[in-house]
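First the structure, in the form of structure tokens, and then the observations on it.
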Amino acid sequence: MTDSRPCQLHPQSMCPAFGSLRVLTRLEGSHPVMATDTGCLYGLTFVTHFYGARKSILAAHLGTAELMAGEVVENTRAAIEVAAQEPGCQLIPVVSLCVAETAGLPEEMLPTRVGDAEVVLVRVPAYAIHSHPEAKDVALAALLRRLGEPEGGERDAKTVVLLGEVFPADPLAIDGLLRRIGVEATIALPGRSIDDMKRAARAGALAPLHPFYKETMAAFRSWDIPIVGGAPVGMSGTVSWLKAIGSLLRLDLEQVNRVAEEERAQAEAIIKAQPLAGRVIVSGYEGTELAYARLLAEAGAEVPYVSTSIAADPLTLPDEMWLRNNGTKEIVYRKSLEDDVAALDKYPPDLVLGTTPFCAIAKERGIPAVYFTNQLASRPLFLSGGMAATIGFIQQMINRSERYEWIQTFFEEEDFVDQGEVPLG
Ligand code: SF4
């Protein structure tokens, strides 16, 4: 039997381990030690700084000689001692990557505490982790299992943990709305505070804003903390999310319904004022693509194809079902670049929200395209405010199709160089 899927032999992602480093380096008081070989170290420190770490990562020197001599543990222990000397160090995550995992790094041979710092082993064999979001999950779950304090005081029954890295204004807007329905506090993870990790283990509910945090959710389940499905994205998604939190936390349901209906009315007014028109393809890494596509479809766009790097998950099911009932023809989990390109041929779009290589291919064809993660990182997405920002931006992008077509024609002119129209420098 032949495989009908397109060739998938080209690289699909950079090393996924950077997702874990991003989470671990951004914590205040955390000084990660990386157990890996020099090649990984170079690439990963570069990417980590690019994503906002602002601190050095210490690493045991592990070249061929050290690996052959069995010095993985010894050199990692030495790096931990140096990390512990950093001013204000409270946490040393030891990130064990492909090489150290293959060579062997037994947890019992590492200290659990040095000076004031907890030492937490985070195993990230990147060859076994398919995407950088899943590496974020592995890192966060390892920290929570060690640092979470479920017994450290009374359960904060009306505190909600918001799980997922989002645009900075979004957790504030969500917190404001949740307080109106009776929630007393929110904790945003992954974040910068070690104390938040400790407190999170006593929260009343966990609300994953992104669906890929499987291990993290397992940690919360082990503390008997209930999990809210869906996310406050789009009109119907936000209303059902608010109602789910209201019933999980046993809040005043009249008040919850009143606030939810106000949100619905605001979202309806936004859609009425600026309905979307056009066909959009959505492709990304983190599973949020489905909720995003739902928002676009609610606003009037046609979204025939959605793909993501994560595997199918019960948390994406409500969005998947909604999309399938509202015109989306294909939803691909664990997608490849080749799946996305095939969709470009099948459903010629007015706009692509995609991964970097996919956007490059769309632009070569004169189709407006924007990197999905940047789109998420640079403007609000959640609640009616996020809906307004998203719809406005998407319509602007769709309206740029003429400009993209002009650029494509310009570069496709066969003899524009010969005619001396472009200086070759
Ligand atoms: S060897 Fe593993 S950790 Fe190192 S760069 Fe490659 S995938 Fe990443």
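One table, with the values for the structure above:
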item	result
In the chain, lysine pairs with alpha-carbon atoms under 16 angstrom apart (chain gap of 8 or more, or interchain)	4
For the range 274-409, fraction of C-alpha pairs farther apart than 20 Å, in %	39
The chain, relative contact order [Cα under 8 Å, separation at least 6], %	13
Environment charge of THR390, counting only residues whose C-beta is closer than 14 Å and scoring Lys/Arg +1, Asp/Glu -1	-1
GluC sites (Glu not before Pro) restricted to DSSP loop in the range 130-192 with at most 15 other C-beta within 10 Å	GLU151, GLU154, GLU184
Top of PRO368, PRO111, PRO87 by mean-square fluctuation, Gaussian network on the chain, Cα under 10 Å	PRO87
Among beta bridges that DSSP assigns inside the chain, antiparallel share in %, nearest 5	5
Net charge of neighbours whose Cβ lies under 9 Å from the Cβ of PRO150, counting Lys and Arg as +1 and Asp and Glu as -1	-1
Cα-Cα separations in the range 112-268 greater than 19 Å, expressed as whole percent	55
Of ILE181, ALA201, VAL122, farthest towards positive along the dipole that unit charges on Lys, Arg, Asp, Glu beta carbons give the chain	ILE181
Highest-MSF residue in the chain out of ARG123, ARG26, ARG221 [GNM, Cα springs under 10 Å]	ARG221
Relative pair counts by distance (%), Cα atoms of the range 38-194, 10 Å bins	9, 32, 34, 17, 7, 1, 0
12 Å beta-carbon shell around VAL370, net charge (K/R +1, D/E -1)	+3
Cα point-scatterer Debye curve for the range 264-347, base-10 log of I(q)/I(0) at q = 0.10, 0.25 Å⁻¹	-0.24, -1.21
GNM flexibility winner over the chain from PRO232, PRO357, PRO304 (Cα, springs under 10 Å)	PRO357
Dimensions in Å of the chain - Rg and Dmax from alpha carbons	23.5, 77
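Each reported figure results from applying straightforward, stated rules to the coordinates on display, with no laboratory input. Model, not experiment: these values are computed from the prediction. Every residue, glycine as well, gets a Cβ built from its backbone with ideal geometry; the counts of neighbours run over all protein chains shown.
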